[in-house]
Amino acid sequence: MNAKPAVYAVILAGGGGTRLWPLSRVGRPKHLLCLCSGDTMLRETYARVRPWLPADQVMAITVADHVQAVLDQLPDMPRHNIVVEPQGRSTGPCVGLMATLIHKRDPEAIMISLHADHAIEDEGGFRNALRAAVRAAGDNHLVTLGIVPTGPDTGYGYIRRSDPLGQAAGHDVYRVERFTEKPDLETARSFVQSGRYFWNSGIFIWKVSVILAEIRRLLPGLYAQLLEIEPALDTPQQAAVIDRIWSAVRSVPVDIGIMERANDVVVIPADIGWNDVGCWTSVASLSAADGDGNVLQGEHAVVDCQDTFVHSSGRLVAALGLRGMVVIETEDAVLVCPKERAQEVKKIVQKLKREGKEKYL
């Protein structure tokens, strides 16, 4: 009887979180912040998989600027399981590098790719869905978790399912017909009403041999670079070789570079209270509102406000007569915007960059 393949969880901890400015900054992005509980999102992500996987099968990849913070927050993770990118190159190269490292350690292994900055309410259900996904990945499918939508949302990508393929560990498995990037509201409504669409969680599960074969087919330039890096992995030369090659690596999201073009992608529905915490309205949705629909954090004095999110990092925030607004106070900056435009906060970050106001980034 064949032994079950080893399972490795990889935490992608390199995002910028620009839509959560001014709390999320270049030096301390959202996955290093306590936004959903008393713990950071990175530590929450790590804690979700530890009841299932031993510490030496949980890994992380981060950028050079954040490596010390990751080391500080994950002291139980073996140091050789934390890989450093010299510069961020989006999720495609991250996934490829970690798959290459795992493949070198164990060519039969299955890899779970997780973002460090998502919130999940039903952690037991999440682990059960991952177990089902691992079973499906064992049949050489590229697997993603599709979040059962709670309503139309223009902030998420969508996955259209095709016909049922069967079951894995008690979970339905569907072939993926197509991925759709963030739609407009009318399209999102039609997607949800059809019952054939899921939110794209960005959580992927696959054999490392299978994802590397897809990278070889669809991203041959990246594959060649990974082959050049591979001999140095798990050696004292690892950091120097990655540093030398990484500047020539092209940025490409794994969704666009691989998943949208792959031939054998399946989706497992997951109703687990998932939230990508992508903007301030997402953060607000994680907390109970008062009788007027307000979510109020920190020192505040709020009068005649409705459906408004106030977060104070220290100073008193006073608000009068606000409707559907976001107010975020930090030591050196204050954000005020309508909730309906919370997804656009990154435009402010872009403006600050253009104007050379680096101290606020």
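Quick note: the coordinates plus some simple rules give every number you see, no bench work behind them. On a predicted model such as this, the values are computed, not experimentally measured, just so you know. Because the Cβ atoms are built from the backbone with ideal geometry, glycine has one as well, and the counts that use them run over all protein chains shown.
For this structure, a couple of remarks:
- Antiparallel DSSP beta bridges within the chain, as percent of all bridges there, nearest 5: 45
- Vicinal HN-Hα couplings computed from phi for segment 188-199 (Karplus, 6.51 cos²θ - 1.76 cosθ + 1.60; Hz; Gly/Pro x): 4, 4, 5, 4, 5, 5, 5, x, 10, 10, 10, 6
- Under the simplified labelling scheme, the residue 354-residue 216 pair shows an inter-label distance of 4.5 nm, with each label point 7 Å from Cα along Cα→Cβ.
- 20 Å-binned pair-distance histogram of the chain (Cα, whole percent): 28, 58, 14, 0
- Members of 182/339; 104/182; 4/182; 4/30; 207/346 lying beyond 29 Å, as alpha-carbon distances in this model show: 104/182; 4/182; 4/30; 207/346
- Ranked list, fewest to most other Cβ atoms within 10 Å of each Cβ, for 52, 199, 206: 52, 199, 206
- Here 141, 103 are placed in order of increasing Cβ neighbour count within 10 Å, fewest first, which gives 103, 141.
- Here the Karplus curve 6.51 cos²θ - 1.76 cosθ + 1.60, taken at θ = phi - 60°, turns the phi angles of segment 140-148 into couplings of 6, 7, 8, 10, 10, 8, x, 7, 5 Hz, with x standing for Gly and Pro.
- Between segment 298-361 and segment 101-127, the alpha-carbon centres lie 34 Å apart.
- Mean residue ellipticity at 222 nm, helices only, the chain: -8000 deg cm²/dmol; runs of at least 4 DSSP H residues each add -39,500 (n - 2.57), and the sum is divided by the number of residues.
- The calculated FRET efficiency for residue 271 paired with residue 344, based on their beta-carbon distance and R0 = 41 Å, is about 0.90.
- Length gained on full extension, residue 4 to residue 361: 123.9 nm, using 0.36 nm per residue less the C-alpha separation.
- Projecting the Cα atoms of 220, 282, 316 onto the dipole axis of segment 202-338, where Lys and Arg carry +1 and Asp and Glu carry -1 at the beta carbon, places 220 farthest toward the positive end.
- Shape descriptor for segment 280-360: Rg over Rh equals 0.99 (Cα atoms; Rh from the Kirkwood inverse mean 1/r).
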